[in-house]
Structure formats: C-alpha cells, structure tokens
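The values are calculated or read from the model by the stated rules, or taken from the named source; none is laboratory data. Remember, it's a predicted structure, so these values are computed and weren't measured experimentally. Cβ: placed from backbone, ideal geometry, glycine included. Neighbour counts: every protein chain shown. What goes into the accessible areas is simple: the full protein's heavy atoms, side chains included, and nothing from ligands, DNA or RNA. Shrake-Rupley method; radii C 1.70, N 1.55, O 1.52, S 1.80 Å.
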Amino acid sequence: MDAPLVLGIETSCDETGIGIVRGRQLLSNTIASSMDEHARYGGVVPEVAARAHLEALQPSIDAALAEAGVTLADLDAVAVTSGPGLAGALMVGVGAAKGLAVALDKPLYAVNHLVGHIAADILDAEAGELEYPTVALLVSGGHTSLLLVRDLTSDVELLGETMDDAAGEAFDKVARLLKLPYPGGPEIDRAAASGDPTAIRFPRGLSRASDMASHRYDFSFSGLKTAVARWVEQHEAAGQSVPVADVAASFREAVVDVLVTKALDACARHGVPRLLLGGGVIANKRLRDVALERAEAAGVAVRIPPLRLCTDNGAMIAALAAELISSGRPPSTLAFGADSTLPVTEIQVAEDPDAVPPAVRPGAPA
Amino acid sequence: MILGIDTSLGTAVAAITRDGEVLADEQSANPLGHAEVIGDLLRRATAAAPAPAHVAIGMGPGPFTGLRVGIATARVYALGRGIPVVPVPSHDGIALGILLADALTGVDTPRFAVVTDARRREFAYSVYDGIDDDGLPIRITDAALSPRDELDQRLADLEAARCDATSVSAAMIALAAARALDAGRSLAGAEPLYLRSPDVVAAHPPKRVS
Ligand SMILES: [Zn+2]
C-alpha cells in the first residue's frame, strides 16, 4: 500500500466535516456548516447542530469522494472524532463512521478532535516538516487549549485550557452585548477596525501573579465578558452613547493579549521556540498579527495552517488517522462512544490490542 | 436480504430474508449507549447473513440523540454498500409484532395504540386497527405526543387499547420494510419522526450584570 487513503468524519460542533487524505496529501476538505441556523439563537444550539449533521452526512461524503476522485472501495481506513465536543453531535459522526467501516470492512480509527487540529498542520504541503516539541494554541468557539506536543501520535500534554467560556464564545457573547450579529468574531473585528485597542483597559483573566501557581496556562473569559457588560451598562446608565469601535477593539485586545502572552510564556518556560496556532478563532487577523509580531521578538517560530484547515474539518481527522497508521498503530475496536470531555492525552480511543494496523509499504512516503 | 436497524428505544439490528426468515437478531436493551454498541451489533448481524439489498431504518419517534445514531449508521452503511434505505415508523414495527403474535395465538387484536416514552413527561403514540392485504398494520393515526396524564383519555376517545412498548424489534422493522417493498408502498418519509422542534430558547437580550 502507498500512503494510506483515509476518510475522516468530524461532527463535534456545528460543522459536518468530511475529509479525504492520502497520507499527508489533502484530497478533499468538504464542510457543511449549520452556522446560519444558529444565528437567531446567538450561539450553537446542540439539537439544531445534531439534526443538521444527520442531514449533511451523505451529501458531504458524496461531495468529498467526487472532489478527491476516489471511491469508497479505494479507502484504506475510516476515521472519526470521538471527542471532545457536543455529545449528541459527536454521536451522529460515530454512528456514521461505524456504519461505513462495517459496510466496507475497513479499519476504523477513533481520534481526538483537539489533536486533529494539530494534525491539520501536516496537510500544509508548503510548510515543511512539523518539528517537535512544539507548543500549540488551539482557539475556537468550543475550546481554548494550550498544549505541549512532543509527538502528534503519541505524546500530547495539556498545559492549560479555559476554565469557563471558550475564546470564540466570548466573542459571540460580547458581540451580543454590543448588539452585533452572530457569529461574533468577524463582527467584533469589523467594529474594532476603527477603534482604539488601548481606549479601555479590560481585565486579562488568570494573569495575576497569584494565578501563576495553579493557573499559569489556563484561561478565563467570563470575567472579561462581565467587565465589558458592566462598562457598557454604566455608559448607558449615564446617558452616554457606547463607543462600539473602542469597546470592540479593547475587548479584542484583551483576548489576544492573554492568548499570546500565555502561549509565549509556555514556549519560554518549556524552552520550545515553536508555536503552532489552530482553531477557527485563528481566522482573527489581529490575533495572528500580534502572535507573529511578539513571537518574532521572542525568537519563536509560528506555524499557522491554512485557515480552511483551522476551522473544524474532517481532513484533520483523516490526517491524524493516517499518521497513526503510518506509525504502525492498530485500529480502534467498534466499542467506543462519543466522549464530550475526552482528554487531549487520549490521541486515539479504543485501540484494539488484537488488531493489526493496515499494512503500509515500507519506505512509502507517509 | 434486508437489514433492519432501530435505535428509537434500545439498539437493535436484524437481518431477514425478503420473505421474512430471521437470520440475525442482535440487540441491546440499554436505553443509552447506542453509539457504543451499534458497531458490534451491526458487524455480528451482517456477518450472519448474506449481503443485504436494502436497509430498513426505524425513523422513530424516540429520544433524539439515540434515534439519530441508528439513522446515521443505517444511512451511511447503505451508502457504503450502495443499496437503498427504506424508512419505517418505529411504531409500525412494534404494531406488526403485536398483530403477528396475536395472529399466531388466534387472538383477535382490538384497535390499539403503541405507546412509547417520549421524555419530558410525554408519551408518543400511534393508533392501529388490524392488518391489511399487504400484511402491514393499518395505522389510524400517525405518531403524536401526549402529556402523560392525558394519554388514557385520548386513547379512550379513540377507542384504542393501550400497548406500552419498551423495545423495538429490528426484525419487525425489516419485515415491515419487506412487505412495503413487495407492495410498492412507502411507510415514512426520509426525515426522522422527531415530533418536536429543536428544543431551543430564542435569543434573548443579555442579562444585566450590574
Ligand atoms: Zn475544533
């Protein structure tokens, strides 16, 4: 066998992602999003997301196969996100993946969504080899995690994560406070363009000296959201108009500052001059710009996968499984479920000790 | 050969011949854990029978999260095999089982309602009255929801005996599909029988914090 041809299924939040890779080569990254259906609720509604996944599965699989120019019979393995994520949404993908694996009699790899975000990087043909160890900052509407990656397939350590809201969620909530539409990220960005990021000094969560002992790499955004709400209310109570651009820019600066500061602190303290960014919030240009600028000053090299691979997608799930196969790992059993709080240390779940990995031709390019 | 899959209550996978012989009947009564068990049940059922030509899917009603696992598995299994799906209301499968069991013992089945748990202090029910020439249960009312304490009055008004069910036979789902195929009939649409709009709270203004 050449590099393994893998189809990945990702349904952990509101994107139905079907990806097809051949080893590290991206053949299709098909995404159906139910984001528009969530807009009128101001955030992802789990039942709406799960219903949309069920309807999007078949057309997305068909579209991905057509784009990749392969058939189901060509596949060497099926991969699926087992967690973390929304339980009901994850279960749609798990059921689908098991149905496909049994129908095709192909091995199934159940993998970790967060580690998938890291695996997205290896699909970037232009980027060159991913070097280890690397610190990874994953920021989206569903998670905000800081990881130390020593090996994609075998050694990922959680340094810290959000204690309350994910960063993307904070953008959505503050957008609502400012009467801006959902999703909040692009709206806050637009509003912030003409604002002064230093106009208001909003708090940086878990950044005090007293936080450093137990929450050095953890995040908290709910206090920031409350601070913005209080500031807006006080202005309204005083009969003043709210300077939306300044509030948006100052809020965004607080989020970006705490994300980049903690990520570079992790690089420094672990002696790792490499930082990988992932997750949908990386689409935020201000975050990328500040990260690149401050990382350069700190002597840290930054990697950012193409944005369409940063948002949730099935290609990253397929890519992670392809790496597992290439490193000789056996497939998962069929007896796993959705684990909404799957720890990042569990890169693959339900590894089957009795199964043999799909044969990879020695010397085949991974 | 027809594969039947239903996860509206427990998890059930069966394989039957087109004329109704049951070759595999795998099930787990656990009302949770559908995603965990369905793969092994499916593998065992398909290993015990020749390749299916159709996949019959129990479309509910049933608790949404579990119901979707079976529908997702069935649809994508069918996609993987390149065969069509046949949607079946899960209550039709239960009703067919009741009618066939009564027929075997020579009992005349009165008009009856299949009743299943719908959570949130409600039941789901469908009313049936006998079996038609195609061998399919005659559905008098489509699946609907009733508050638990109002159900008996509703069924009295419909003159239907109450039959509570806590499991669905995937073999009966497959048999209903086989008979519908023979008769060129369709028993359900492609959409799951959710009976409820997604349980959501529309966006409300942010709460004051000060
Ligand atoms: Zn994600």
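Remark: accessible surface ordering of A:82, A:222 (largest first) is A:222, A:82, probe radius 1.4 Å. Solvent-accessible area per residue in the protein assembly as shown equals 39 Å², computed with a 1.4 angstrom probe and all protein chains kept. Looking only at GluC sites (Glu not before Pro) in DSSP loops with at most 15 other Cβ atoms within 10 Å, what is the longest site-free stretch of chain A? It works out to A:132-366. Normalized C-alpha radius of gyration of the range A:111-230, against 2.2 N^0.38 Å? Computed over Cα atoms of the range A:111-230, the ratio equals 1.23. Between A:223, A:23, A:128, the Gaussian network model of chain A with springs among Cα atoms under 10 angstrom shows the greatest mean-square fluctuation at A:128.
Mean per-residue shielding of peptide B:30-40 is 6, counting Cβ atoms of other chains within 10 Å of each Cβ. Only Cα sites of the protein assembly as shown enter the Debye sum here, all with the same form factor; the resulting log10 I(q)/I(0) across q = 0.07, 0.08, 0.10, 0.12 1/Å is -0.47, -0.60, -0.86, -1.10, listed in q order.
Cross-link check: pairs A:262/B:207; A:98/A:285; A:225/A:262; A:173/A:262; A:179/A:285; A:98/A:173 evaluated at a Cα-Cα cut-off of 28 Å; pairs beyond the cut-off: A:262/B:207; A:98/A:285; A:98/A:173. Residues whose amide H falls under 5 Å from that of residue B:56, counting only those 5 or more places apart or on a different chain, are B:3, B:4, B:5, B:86, with hydrogens built in the peptide plane. Between the listed residues A:167, A:279, A:7, the Cα displaced farthest toward the positive end of the dipole of the protein assembly as shown, a dipole computed from Cβ unit charges relative to the Cα centre, is found at A:167.
Of the beta bridges in chain B, as assigned by DSSP with both residues counted there, near 65 percent are antiparallel.
Both chains summed, the buried accessible area for B and A stands near 3200 Å², from protein heavy atoms and a 1.4 Å probe. Restricting to the protein assembly as shown, what percent of DSSP beta bridges are antiparallel, rounded to 5? Given both bridge residues lie in the protein assembly as shown, the antiparallel proportion sits at roughly 65 percent.
Accessible surface comparison of B:133, B:117, A:352, probe 1.4 Å, protein chains only, largest first: the order is B:133, B:117, A:352. Ordered from highest to lowest accessible area with the whole protein assembly present and a 1.4 Å probe, A:211, A:105 read as A:105, A:211. Once you list every other residue whose beta carbon is under 10 Å from the beta carbon of residue A:90, what net charge do they have if Lys and Arg are +1 and Asp and Glu are -1? Here the charged neighbours net out to -2.
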